[in-house]
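J.: Sharing a structure here in C-alpha cells format.
The values are calculated or read from the model by the stated rules, or taken from the named source; none is laboratory data. Quantities reported herein were computed from a predicted structural model and do not represent experimental measurements. Counting neighbours? That spans all protein chains shown, and the Cβs are built from the backbone with ideal geometry, glycine included. SASA here: full protein model, heavy atoms, side chains in, ligands and nucleic acids out. Shrake-Rupley method; radii C 1.70, N 1.55, O 1.52, S 1.80 Å.
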Amino acid sequence: MVSLLCCGPKLAACGIVLSAWGVIMLVLLGIFFNVHSAVLIEDVPFTDDDFKDGPEKIYRLYEQVSYNCFIAAGLYVLLGGFSFCQVRLNKRKEYMVR
C-alpha cells in the first residue's frame, strides 16, 4: 500500500505553526496595504514617474501588493493543510499494528 506520509511529526507540527504565523501576518499586511497605509510606502515598488499623475498609480500599486499578500496567505493555508494531514497520518501510524 502506498503511504502519503512524507514528514515526521515534529516537522509537520513546525509546518502548522509556521503556516499559522504566515497566514496571520500576511492577511494583516494585505489589509494594511489595501487601506493604503503610509507606513508601508517603502514596500511599494514605485518609480518617480508614478508620482506625476496623482495618487491613482500609487493606489493601484498598493492594491497589487495587497493582492500578492493575500495570495501568499492562501499558499500558507495550503501548506498548513498539508502539514495537518501529515500530523494526522503520523498519529494513525502510531496505532497501526505491524
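J.: Identify all residues within region 17-26 that are open to solvent by less than 80 Å² (accessible area, probe 1.4 Å) and of a type outside the set (A, V, I, L, M); write none if there are none.
T.: SER19, GLY22
J.: A further question follows. Suppose we filter region 39-76 for residues that are part of a helix (DSSP H, G or I) and within 30 Å of SER19 (Cβ to Cβ); how many remain?
T.: Within region 39-76, the first condition is being part of a helix (DSSP H, G or I), and the residues that meet it are 39-43, 48-51, 56-76.
Next, from what is left, pick out any that are within 30 Å of SER19 (Cβ to Cβ): 39-43, 60-76.
Matching residues across region 39-76 total 22.
J.: Which of the following residues is in a helix (DSSP H, G or I), of a type outside the set (Lys, Arg) and open to solvent by less than 80 Å² (accessible area, probe 1.4 Å): LEU11, LEU29, LEU5?
T.: On the way: LEU11 fails: open to solvent by less than 80 Å² (accessible area, probe 1.4 Å); LEU5 fails: in a helix (DSSP H, G or I).
Step by step, each of LEU11, LEU29, LEU5 is checked, and only LEU29 is in a helix (DSSP H, G or I), of a type outside the set (Lys, Arg) and open to solvent by less than 80 Å² (accessible area, probe 1.4 Å).
J.: Pick out the one residue from LYS52, LYS57, LYS91 that is over 16 Å from the mean Cα position of the chain (by Cα) and surrounded by 12 or more Cβ atoms within 10 Å (Cβ to Cβ). Steps first, answer last, please.
T.: Numbers: LYS52 fails: surrounded by 12 or more Cβ atoms within 10 Å (Cβ to Cβ); LYS91 fails: surrounded by 12 or more Cβ atoms within 10 Å (Cβ to Cβ).
Just a single option satisfies the conditions, and that option is LYS57.
J.: Right, next: Say whether the condition of being open to solvent by less than 80 Å² (accessible area, probe 1.4 Å), polar (S, T, N, Q) and modelled with pLDDT of 95 or more is met by at least one residue in region 36-48.
T.: Taking every residue of region 36-48 in turn, none turns out to be open to solvent by less than 80 Å² (accessible area, probe 1.4 Å), polar (S, T, N, Q) and modelled with pLDDT of 95 or more.
J.: Okay, moving on. Return the residue satisfying two criteria in turn: it lies in region 60-78 and is among the aliphatic types (A, V, I, L, M) and open to solvent by less than 80 Å² (accessible area, probe 1.4 Å), and of such residues it is farthest from the chain's Cα centre (by Cα).
T.: First pass over region 60-78, keeping only residues among the aliphatic types (A, V, I, L, M): 61, 65, 71-73, 75, 77-78.
Retained after the next criterion (residues that are open to solvent by less than 80 Å² (accessible area, probe 1.4 Å)): 61, 65, 72-73.
Numbers: LEU61: 19, VAL65: 13, ALA72: 4, ALA73: 3 Å.
Restricting to residues being among the aliphatic types (A, V, I, L, M) and open to solvent by less than 80 Å² (accessible area, probe 1.4 Å), the top hit is LEU61.
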